[in-house]
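Student: Structure in structure tokens, see below.
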Amino acid sequence: MRFKVAALQFTVIAVSLIFAAAANARTINLVGFGDSLMAGYQLPAGNGFPEKLQAALKAKGLDVTVANAGVSGDTTAAGLARIDWSVPDGTDGVILELGANDALRGIPPEESEKNLDQMIIRLKERGIAVLLAGMMAPPNMGADYAARFNPIYQKLSEKHGLPLYAFFLDGVALEPGLKLEDGMHPNAKGIDVMVEKMAPAVTNFVETISSVKK
């Protein structure tokens with residue numbers, strides 16, 4: 001009889017621990033905030049970077065959602081104008097990817113840096129973690145422009161203590177077969193390469209958020 005009682009007590013405790021663990025675990029909600037590179041320009045629905053990243057993270061066993069808040073054509077100024085309402089309450093982390101259109105339009109890098117800085121400040125004020133995705137100026141903008149533009153992401157990462165993924169188009173930018181006919185935007189295979197390369201950084205980002213949210 002004592003054995004049965006002890007076994008029953010052990011079962012109750014084990015079940016309680018399982019339910020407690022389930023209660024403590026919760027979905028981490030990310031937002032991919034950026035321009036056409038994030039939005040999935042000219043790709044079928046569900047084939048953009050956020051959607052494929054979410055699938056890759058879930059395949060790793062992570063309970064994560066990645067909302068797509070990319071808008072084609074956005075500059076850092078446009079992103080700053082919409083960041084408050086495009087990133088909903090309940091967001092745990094933002095993958096911030098903007099600046100490519102600034103460089104294409106020759107916007108002074110100092111303005112881009114200020115806009116990104118303000119976006120980061122606003123997100124941090126809301127308790128939202130930020131993973132900064134870097135960009136590089138196109139070669140046709142010249143060496144002087146690149147020398148002013150390219151370092152801004154590292155500077156912001158160091159200033160705010162943010163994780164930085166150095167180049168959002170890593171593995172794709174120099175591969176014509178991974179881009180659309182415009183030679184600028186990734187095709188579906190290009191998105192797959194981007195996701196594969198960035199997934200480890202995002203996994204670390206998610207794990208950091210999870211440890212803080214416990």
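Bear in mind these aren't lab numbers, they're just calculated from the coordinates by the rules spelled out. From a predicted model like this one, the values you see are computed outputs, not experimental measurements. Virtual Cβ from ideal backbone geometry, glycine too; neighbours counted across all protein chains shown.
Student: Pop a pseudo-label 7 angstrom from the Cα along the beta-carbon direction at both Thr65 and Thr208 and give the gap in nm to one decimal.
Tutor: So the two model labels end up 2.3 nm from each other.
Student: Using helices alone, what [θ] at 222 nm do you get for the chain, with -39,500 (n - 2.57) per DSSP H run of 4 or more residues, divided over all residues and rounded to the nearest 500?
Tutor: Values: 9 runs with 114 residues, N = 214.
Counting only the DSSP helices, I get -17000 deg cm²/dmol.
Student: Could you go through segment 177-187 in sequence order and give the Karplus-derived ³J(HN,Hα) for each residue, using 6.51 cos²θ - 1.76 cosθ + 1.60 with θ = phi - 60°, rounded to whole Hz, and x for Gly and Pro?
Tutor: x, 9, 10, 5, 5, 6, x, 10, 9, x, 8
Student: Hey, got the Cα dimensions of the chain along the principal axes, in Å, largest first?
Tutor: 84, 37, 26
Student: Give a residue-ordered list of calculated ³J(HN,Hα) values for segment 77-91 (Karplus: 6.51 cos²θ - 1.76 cosθ + 1.60, θ = phi - 60°; whole Hz; x for Gly, Pro).
Tutor: With coefficients 6.51, -1.76 and 1.60, one gets 5, 5, x, 4, 5, 10, 4, 5, 9, 7, 10, x, 4, x, 6 Hz.
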